[in-house]
1. If you put +1 on each Lys and Arg Cβ and -1 on each Asp and Glu Cβ, how big is the dipole of the range 384-481 around its Cα centre, in Debye rounded to 20?
2. Count charges around residue 497 for me, please; just the other residues with Cβ under 11 Å from its Cβ, Lys/Arg as +1, Asp/Glu as -1.
3. Using the heavy atoms of the protein chains and a 1.4 angstrom probe, tell me the accessible area per residue for the chain in square angstrom.
4. Expressed as an acute angle from 0 to 90° and rounded to the nearest 10, what is the orientation of the C-alpha long axis of helix 358-370 relative to the principal long axis of the chain?
5. Please report, in debye to the nearest 20, how large the charge dipole of the chain is about its Cα centre when each Lys and Arg carries +1 at its beta carbon and each Asp and Glu carries -1 there.
6. Could you tell me whether the range 628-676 comes out rounded, prolate or oblate from its Cα gyration tensor? Rule is a ≥ b ≥ c as square roots of the eigenvalues, rounded for a/c under 1.5, then prolate if a/b exceeds b/c, otherwise oblate.
7. Ignoring ligands, DNA and RNA, what percent of the 1.4 Å accessible area of the chain is carbon and sulfur?
8. Under 28 Å Cα-Cα from residue 483, which lysines qualify once same-chain neighbours fewer than 8 residues away are excluded?
Amino acid sequence: MNDVMLDRNGNGPPAASLQADAAGIRALLGGRLGDPFRLLGPHRLPGKDGKEGESGAGGDRYEIRVYQPGALGVEILARGAKGKAGGVLASLQPHAGAAGLFTGAVQLPDARAYLLRVTWPDGRGGRTVQIAEDTYAFGLLLGELDIHLLREGRHRELGRCLGAQTLQVEGVPGIRFAVWAPNAQRVSVVGDFNLWDGRRHPMRLRAEAGVWEIFVPRITAGNRYKYEIVGPDGHLQPLKADPVARATELPPGTASVVASGAPFVWNDAAWMEQRGGRQAPTAPISVYEVHAGSWLRVMEENGRSLDWVELADRLIPYVIEMGFTHVEFMPIMEHPFGGSWGYQPLSQFAPSARFGAPADFARFVDRCHGAGLGVILDWVPAHFPSDAHGMARFDGTALYEHVDPREGYHQDWNTLIFNLGRNEVRGFLIASALEWLENFHVDALRVDAVASMLYRDYSREPGEWIPNIYGGRENLESVAFLKELNQTIAERCPGALMIAEESTAWPGVTAPVAQGGLGFSYKWNMGWMHDTLRYVEQDPVYRRFHHNDLTFGLLYAFSERFMLPISHDEVVHGKGSLINKMPGDIWQKLANLRAYLGFMWTHPGKKLLFMGCELAQWKEWNHDASPQWELLDDPRHRGVQQAVRDLNRLYAGEPALHARDADSEGFRWAIGDDKDNSVFAYLRQGFHANQQMLIVVNMTPVPRHGYRVPLQDDAAHAEWQEVFNSDAEVYGGSNLGNPGAHRCSGENGKWALTLTLPPLSTVIFRRTH
């Protein structure tokens, strides 16, 4: 490299003739200088013999070169203790033929013992003065270990290495900027602090890692900034937001923002210590999925969204009161288009400014943990939008994405696909995941669109995709990335969960990496969701012909650790609301919904329900509107909400309903083949013999009296009591049920409970003896 290096005493190299570097000056003036430290900053003057630096009692003499286009004048001030400005040491002179370039000689004890006093026009006929250290007097910033880890794609604290960092360099406060752009000819940081002029702060290239860096003294957090990049072809790129920014401008603005360096003071040590047990496969996990922007809009203020402070006050108590164990947010990473719901993010390290500052989000998580509530974030490593200010052709080349559109373009979403074959891209995404888990104490990430990552031919016709090196359709780079991601998180974030939205039959999604699996904690059971919704959409008269849609999931229910998702995707884009999938009149629709939710909450697998479904809202979800909270004025809709609340409490309180969700010993059919009556009955079993629940589901509107449910072994000799009935009057049902204790009757080893099955109902019995 040709970078100016300062020795340990702060002394620079002897100055080369500035007059002789006409090409460098032209590049500087034209905004094309890729090595600014060679030209600018302090340069030690040679002695009389032309070899040694010219020294005196006050130190060496330096030629100071400053480029401040538009400045009226530049003076060199002595830098006293703690950066205090002293007297004038020299007035720099304009360099002939180079407007904005000022030079002059001065004697200094070391190469950084000075300040610049720059005089600017204030735009009103007056003048303003700026005093600060010289950016180009500072040496290398990133350490050799940083550079090595960046090159290897193993820098796990990327958010504290790249991007904008508030720090002190040799006692001088300011901001260090660093960005990966290996193919750029020149990179400058531009922002509020330099009038967005790319000529004023060109950066130094650390060629070993393709990273550009610079320290700008005396600027502070809150400044907006971007990068001005000249590509390898010499063309100026659109201004680029920082991919590793930890704060952003409020959309529709697209600038990055220097985040505060103040550490957040957490109060959740007890939660973090207990989290592993709370999120174990044997624990109850019931998730309320939320779109933060539309959960509760303030209609009196033009329908604005709540911020994190307001969500903490309103959302947390609601979720807790409803009995959910976790709240899951659709992506909150900054994204330019609100209509993407966050699934096209461009700032993988920054919470969206739509809801407040990063510290506000941290405080929200802290309050969730204080209330005993876990936090899950949707996270998108599969693709990113092609907005000009984003990562697309970031340095003038396909840097984060693939060059070939058959690998790098996602035609379903009009987005670009991350090139996971690059060390730096893998490292960028893994560091993003760790940012949320480690620095924001998030408890789990739900990884979006995993299926699209696993297959090279995902949603592509023949000829539209490129096979892997073995000629197959598996995306080997993505598989390796997901394994590395999950292994890293397991090692660094004990107790945190990784949840896959994966809709195919890829084997071992939740198996350990050491056993050949992908290493996720849970997988969304998309097959269960599609089958069961297809079933409940049928008129009860025809359900006998679709009986297997409700039973088929048990053939593979224990092949992975599953989560049962009724997510936002099922109630949008013309699919209708959950209640409107149900056939019949209003009473039957509500009864169908309550019965279906009862079936879901007693089926093996953790639970997820999208906001508004607990209200039985009629309208499908619209991100520009809130759920239909006004429906709670209707007791029928309050009844559905109460049923969800009671199911959550029953699920959490009964080990039989959650402890063996991923264990085939936790489930046994009592009746699985009564398709003529559309009745299902099954036992859920905990780890202890007396931890048993019997569930009976009647999916027709016909009440059935004297219906016999066969039981075996010790269950046949137990006493059973009804503890939940979706047909109860309190939920809006007909109140037909089974009061009191019940025992089996029979002979010759054939024992059965004789029960009343309400219409369109799920009835749950607890073993009491």
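The values are calculated or read from the model by the stated rules, or taken from the named source; none is laboratory data. Model, not experiment: these values are computed from the prediction. Note that each Cβ is placed from the backbone with ideal geometry, even for glycine, and that neighbours are counted across all protein chains shown. Just so you know, the surface numbers come from the protein's heavy atoms only, side chains and all, with ligands and any DNA or RNA stripped out. Shrake-Rupley method; radii C 1.70, N 1.55, O 1.52, S 1.80 Å.
1. Here the size comes out at about 160 debye.
2. +3
3. Counting only protein heavy atoms, the per-residue value for the chain is 38 Å².
4. It is inclined by approximately 30 degrees.
5. 1060
6. Taking the square roots of the gyration eigenvalues as a ≥ b ≥ c, the range 628-676 is oblate.
7. Of all accessible area on the chain, carbon and sulfur atoms account for 50 percent.
8. 523, 606, 607
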